[in-house]
1. Quick one: Karplus J couplings for the range 133-144, per residue in order, coefficients 6.51, -1.76, 1.60, θ = phi - 60°, nearest Hz, x for Gly and Pro?
2. For a test of the definition: using alpha carbon positions, the gyration tensor, and the 1.5 limit on a/c, classify the range 53-162 as rounded, prolate or oblate.
3. Calculate the length of the line joining the C-alpha centroid of the range 181-198 to that of the range 62-140, in whole Å.
4. Extending each Cα 7 Å along its Cβ direction at Phe198 and Ala73, get the distance between those two points in nm, one decimal.
5. Residue by residue through the range 111-116, what is 3J(HN,Hα) from phi via Karplus (6.51 cos²θ - 1.76 cosθ + 1.60, θ = phi - 60°)? Round to whole Hz and write x for glycine and proline.
6. Can you give me the Rg/Rh ratio for the range 113-198, using Cα atoms for both radii and the Kirkwood formula for Rh?
7. Excluding Ile197 itself, what net charge comes from residues whose Cβ is under 14 Å from its Cβ, given Lys and Arg +1 and Asp and Glu -1?
8. Say R0 is 30 Å: what FRET efficiency, to the nearest 0.05, do Asp137 and Phe166 get from their beta-carbon distance?
Amino acid sequence: MRDFRDFWGLRSARPDRLMLAAAALAVSLALPGAVRAQVAPSAEAGGSILSVGVMGSGFYLQYGQHKMAGITAFVDADAKSRIGIEAEAHWLEFHQTQNVHAEIYSIGPRYHFDLGRFEPYAKGLIGFGDFNFPYNDGYGRYLVLTAGGGLDYVLNSRIHIRMPDFEYQAWPQFSFGATSTQVMSTAGVSAGIRVRIF
């Protein structure tokens, strides 16, 4: 059984360290906004918004032309400047063929603006994906780059309906065989609910 874990050919460039560095960067970018929110007048309270959400997702994976369904969880940390950070996790476990499935974990900047009760947004994420090959013949962890966007409908001050969220993902140096690496692409659409918790 082949192990595809060395996706860059360099053991030192581990994706979990990449995610840790991205999370540290996200926290350092969010801290100045949080500090300003502490000294702002009460009329300006709520300068930072933290939301969590869950969605149902459908994705097309180029490898084997698999169409899969799954669950997505996400956290949005937004500021009044319309720039925020999104962290998300996709578990594409349903509608498996030959036991092919994937999990994707990403984080990155998010830009949003208001149009009445609608909130369009765009995002660019970086992270890693765990891919299980057919018949459990191998497992790989790969860098994943994501470009996406979508639309939230503001139901009330706390609840937004996410309808829909689109993503295009590139998996550089994906293992298409024992010695062949290429860019694998995936595309997906999701819809669900977002709840403001802070």
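1. 7, x, 6, 6, 6, x, 9, x, 10, 9, 5, 10
2. Prolate, because a/c is 1.5 or more and a/b exceeds b/c.
3. Comparing the Cα centres of the range 181-198 and the range 62-140, I get a distance of 3 Å.
4. Label-label distance for Phe198 and Ala73, simple model: 1.7 nm.
5. Rounded to whole hertz, the list is 10, 9, 8, 9, 10, x.
6. Using only Cα positions, Rg/Rh for the range 113-198 is 1.14.
7. Result for the neighbourhood of Ile197: +1.
8. 0.45
Coordinate-derived values only; no laboratory data. Being a predicted model, the structure only gives us computed values, none of them experimental. Methodologically, a virtual Cβ is constructed for each residue, glycine included, from the backbone with ideal geometry; neighbour enumeration extends over all protein chains shown.
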